[in-house]
């Protein structure tokens, strides 16, 4: 555990001492702010219209703003998360510091988990920016806070999954750009897979939609923790970290 | 301390290290010598547990590198050819990180870090970013990193490459200073370095072990030149014959005449200094000994050993027996 924390701390240090963290935070603030603004303005317009029509029940801010916001944030995650994970191992390989890690009395799994945890904490810092946007909803309205928590939980799980696979991609190259591009392409592909789910209900499509990372977010952003989705994310994280560890091990045989 | 038996390492279709065996005793400083691409780095990477061997066995302090890697890694400090530094970190933060990584208890870390910074003379840059350091400082931080956990064994891959002459001397002195407490293997292709630091040399070439011997022996093996004049007493052939009869001389290689002066290149038997015997013989014969000098440095021995495949094949057998 101490080793995991040692690796994790150093990785966070590097994120925040380099421009990486700050650029990502700034990008994220702009993007999530733009989405939050667009969605809540849309909501305000629709409410005004429904009031004019004299609808009896008020529209739910949770369903109309927070759920779609989380949905969009999950998609931004697909595109931004490769930027967090691309350096994890590629940079160590390029700098030669991987030799230090691998020849230290520490297990490969500890290296992998430490790095993944640091990336996840970095991603949490991004999600904290999102909290600023959401806090405005709480100032001007009274949304239910439980779906916000489950939504956050879902975003963390989605992020954890993508970061685990991003770390795996990062072990395979010395070049951060390559790791980032492959991760980016994977993110886009997973997003597109999500579109396919609307194409029908054949067994193939059901399998594809089960694999789609974004579609498992939906229940979380509606305030439901579905064990099916939870198991999906946890097993994907496990698979990603397992692949990363094996790939790190195999570096020695190939190096 | 380090025992390497029948070590081989094959890459896809290229044999980097071919059946090498040697051992290093506790407290030795051993120079690992060979031309570029000879397999030095590969061998060191196997010893440090960075990569597994294709065949063979390596033990460090009695622990098998492949079977008990954690035990071995605790006991080894490793400086790869490119020092494994994080440019965005400050020197003291970096060393603290490495100390934690090597499993030093938290309470001891600050003291250890201050100690190694002093030992490697990097204390004056302790709060500087590594990216701002000169090459010499980086190399010393790399060295500090390798000794921060006070390992039994130090493996240094070309510790002086890329440094300026002053830094090279400083680094060598630093390594020599470490020799008391640690068993050190250092690789290099610079011969004076071996002469300056090491007690023992392991020469490899094209992945094969060429020779293991002490630096002294290798130097003694060297050819030297004598110049003499016989005051008209004997001709070159006679002198040559006489010199060849000296018990410890293995070969009289060549001679040149320059008027009265005769010059001979003489090779002694391995492991013994033949110069006293030769001098005595010359004087007893009533000739005038004018000059006697080592014409070959370790460099020439090295070239001789590594250049020809035949020589390599011949001497590899000798090396393995040792």
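Some notes on this structure:
- Flag if residue B:66 is within 13 Å of chain A (Cβ to nearest Cβ) and modelled with pLDDT of 95 or more: no
- Of the listed requirements (1) touching a residue at least 24 places away in the same chain (Cβ under 8 Å); (2) within 14 Å of chain B (Cβ to nearest Cβ), residue A:85 misses just one: (2).
- Taking the criterion of being at pLDDT 85 or above and not in a helix (DSSP H, G or I), the residues of region B:161-187 that qualify are B:182, B:183, B:184, B:185, B:186, B:187.
- Residue match in region B:174-196 (condition: over 10 Å from the mean Cα position of the chain (by Cα), buried (at least 21 other Cβ atoms within 10 Å of the Cβ) and on the phi > 0 side of the Ramachandran plot): no
- Within region B:76-97, considering residues that are away from chain A (no Cβ under 11 Å) and out of contact with any strand residue (DSSP E or B) (no Cβ under 9 Å at 6 or more places or on another chain), the one surrounded by the fewest Cβ atoms within 10 Å (Cβ to Cβ): B:92
- Positions within region A:228-255 being within 17 Å of residue B:49 (Cβ to Cβ) and either more than 23 Å from the chain's Cα centre (by Cα) or more than 14 Å from chain B (Cβ to nearest Cβ) (or both), in sequence order: A:245, A:249, A:250, A:251, A:252, A:253, A:254, A:255
- When residues of region B:43-62 are limited to those that are assigned to a strand (DSSP E or B) and within 14 Å of chain A (Cβ to nearest Cβ), the one nearest to residue B:183 (Cα to Cα): B:60
- For residue B:35, the conditions (1) within 14 Å of chain A (Cβ to nearest Cβ); (2) under 25 Å from the mean Cα position of the chain (by Cα); (3) surrounded by 15 or more Cβ atoms within 10 Å (Cβ to Cβ) are fulfilled apart from (1).
Each row is one residue, and each column tells you yes or no for (1) at the interface with chain A (Cβ under 10 Å from one of its Cβ atoms); (2) part of a loop (DSSP other than H, G, I, E, B).
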position: B:20; (1), (2): no, no
position: B:26; (1), (2): no, yes
position: B:30; (1), (2): no, no
position: B:41; (1), (2): no, no
position: B:74; (1), (2): yes, no
position: B:104; (1), (2): no, yes
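- Any hit, region A:181-200, residues being free of Cβ contacts under 8 Å to residues at least 40 places away in the same chain and in a loop (DSSP other than H, G, I, E, B): yes
- Residues that are farther than 23 Å from residue A:139 by Cβ and either in contact (Cβ under 8 Å) with a residue 60 or more places away in the chain or part of a helix (DSSP H, G or I) (or both), drawn from region A:50-62: A:52, A:53
- Sole residue being crowded, with 24+ Cβ neighbours inside 10 Å, under 21 Å from the mean Cα position of the chain (by Cα) and modelled with pLDDT of 95 or more, chosen from A:111, A:84: A:111
- Within region B:111-123, the presence of a residue that is facing chain A (nearest Cβ under 9 Å) and without any contact (Cβ under 8 Å) to a residue 60 or more places away in the chain is excluded.
- Against the test of being within 14 Å of another protein chain (Cβ to nearest Cβ), touching a helix residue (DSSP H, G or I) at 6+ places or on another chain (Cβ under 6 Å), buried (at least 22 other Cβ atoms within 10 Å of the Cβ) and closer than 16 Å to residue B:86 by Cα, the options A:92, A:99 yield a single qualifying residue, A:92.
- Note on region B:227-322: enclosed strands (runs of 3 or more DSSP E) holding 3 or more residues that are at pLDDT below 75 are B:249-258.
- Taking (1) within 14 Å of chain A (Cβ to nearest Cβ); (2) modelled with pLDDT under 95; (3) buried (at least 17 other Cβ atoms within 10 Å of the Cβ) in turn, residue B:140 satisfies each apart from (1).
- Subset of region A:12-26 [under 17 Å from the mean Cα position of the chain (by Cα), within 11 Å of chain B (Cβ to nearest Cβ) and more than 10 Å from residue B:88 (Cα to Cα)]: A:20
The values are calculated or read from the model by the stated rules, or taken from the named source; none is laboratory data. These figures come from a predicted structure and were not determined experimentally. Backbone-built Cβ (ideal geometry, glycine too); neighbour counts: all protein chains shown.
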